[in-house]
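Take a look at the structure below.
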Amino acid sequence: MMANMKTEFSAEERSVIVEKTGVNAAYLYQCLSGRKDMKPADAVRVEREAGIVGLRLALRRRDGGEIWPELAEQLTRQVGSGETSAAT
């Protein structure tokens with residue numbers, strides 16, 4: 001898991017994600033907290049529908065950086081250069 005990407009989502013932020021994507025609120029919380037890992041295809045769909053770049057990495061905390069190394073590297077570069085909007 002990347003230390004630089006957004007890993008904490010408020011209840012309000014989670015509610016917006018649920019509304020936009022239709023994912024179950026409890027399941028979303030479990031994935032964001034690292035208790036479960038969302039299927040890669042579902043994580044990509046949720047990220048796209050929610051409009052939050054890098055969300056898929058938060059939904060697969062254990063191995064997201066291994067599945068999508070190019071995204072992990074891109075977010076690390078952006079955070080390092082001060083472009084944090086893509087990681088939040």
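Tabulated data
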read-out	value
Any hit, region 43-65, residues being in a helix (DSSP H, G or I), buried (at least 16 other Cβ atoms within 10 Å of the Cβ) and in contact (Cβ under 8 Å) with a residue 60 or more places away in the chain	yes
Checking GLU8 against (1) over 10 Å from the mean Cα position of the chain (by Cα); (2) loosely packed, with under 15 Cβ neighbours inside 10 Å, the condition it does not meet	(1)
Residues within region 6-36 that are in a loop (DSSP other than H, G, I, E, B) and not hydroxyl-bearing (Ser, Thr, Tyr), tallied	9
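Residue-by-condition table, conditions (1) at pLDDT 95 or above; (2) of a type in the set (A, V, I, L, M, F, W, C); (3) under 13 Å from LYS6 (Cα atoms):
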| site | (1), (2), (3) |
| --- | --- |
| ASN24 | yes, no, no |
| LEU28 | yes, yes, no |
| ALA43 | yes, yes, no |
| GLU49 | yes, no, no |
| LEU59 | yes, yes, yes |
| GLY65 | no, no, no |
| THR76 | no, no, yes |
| VAL79 | no, yes, yes |
| SER85 | no, no, yes |
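The values are calculated or read from the model by the stated rules, or taken from the named source; none is laboratory data. Note that this is a predicted model, so its numbers are computed, not measured. Ideal geometry is used to build each Cβ from the backbone, glycine not excepted, and the neighbour counts take in all protein chains shown.
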